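Report on the following structure.
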Amino acid sequence: MSAKRILLVEDERHLAEGIMLNLEAEGFETVWAADGKSALEHYHQARFDLILLDIMLPGIDGLEVCRRIRSEFGWVPIMFLTARDRLDDKKEGLAIGADDYITKPFDIEELILRMKGIFRRQAWLVSEEKSSSTYEFPGGTINFKEFTANTPLGRFRLSNKECLLLKLFTEHAGEVLSRNMILDGVWGYNAYPSTRTVDNFILRFRKYFEPDPSKPIYFHTEFGTGYRFTPRGDTLDD
């Protein structure tokens, strides 16, 4: 198996060199970019398994780098590395498509553990051990490898998190998924969004798949408990 390729975007040379040294000792192949412009150039020139992305960068900042990658339907996992510890910054990073967020100064072992957690979730997403690469139900067809959904309303591009959450629902069809189960399965260790963030994903799924989003028959909110996916279509109190 080839080594995972990491794009490290960090403007502090000494910090970048230390991170690269530790990642390479773990068997990762790393490429360094010192600013947002060169990060985007590297991203467009080669394939990466993960981007470690600082927010405070000269020129194009990390949030804008993430926005541009996601706007191109690039679903490579992104983890923010930043000195910022404000809750709003974390929420913004996750909202625009980041997979995790770690605040400087951080322990390198924690960084590596969280990177491996991202890789496990990505491997689960494309795994065919429990389900095929596609899932069909009356509301549409989900392709977990192409990150798409075909529905009566048309074809939708899905984000990485949308695919992860949909796979979790399809593997537990008919079950009530608690908020903690969703957070652990989709966002992972210590990168938790707010309850409202999860609600917004449910609203998106209703837009994609429901005949009438105001009267859902597939994606239900179980108030005080969690969420339920009913692939055959059930009318529940929502």
Given [x] 52; [y] 43; [z] 40, the label whose value is percent of Cα pairs over 25 Å apart derived from this model:
[y]
Taking Cα atoms only, helix 62-71 is inclined relative to the longest principal axis of the chain by an angle, in degrees rounded to 10, of 40 degrees
Calculated FRET value between Met56 and Glu109, using beta carbons and R₀ = 25 Å, to 0.05:
0.55
Anisotropy class of the stretch 5-126 from Cα gyration tensor, a/c 1.5 cut
rounded
Pairing the Cα long axis of helix 160-171 with the longest principal axis of the chain, what angle in degrees results, from 0 to 90 and rounded to the nearest 10?
40 degrees
Within the chain, what percent of beta bridges assigned by DSSP are antiparallel, to the nearest 5?
50 percent
Note the angle between two axes, namely the Cα long axis of helix 13-25 and the longest principal axis of the Cα atoms of the chain, as a number of degrees from 0 to 90, rounded to the nearest 10.
70 degrees
Efficiency of FRET from Cβ geometry, Arg155 and Arg47, R₀ 22 Å, rounded to 0.05:
0.35
Surpassing 21 Å at the alpha-carbon level, of the pairs Lys37/Lys161; Lys4/Lys116; Lys91/Lys207; Lys4/Lys145; Lys145/Lys167, are Lys37/Lys161; Lys91/Lys207
Using Cα pairs under 8 angstrom and six or more residues apart, how large is the relative contact order of the chain, in percent?
13 percent
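Rule-based calculations on the coordinates, nothing more; no lab input. Here the structure is a predicted model, which means the values were calculated and not measured. Using ideal geometry, Cβ is built from the backbone for each residue, glycine included, and neighbour counts are taken over all protein chains shown.
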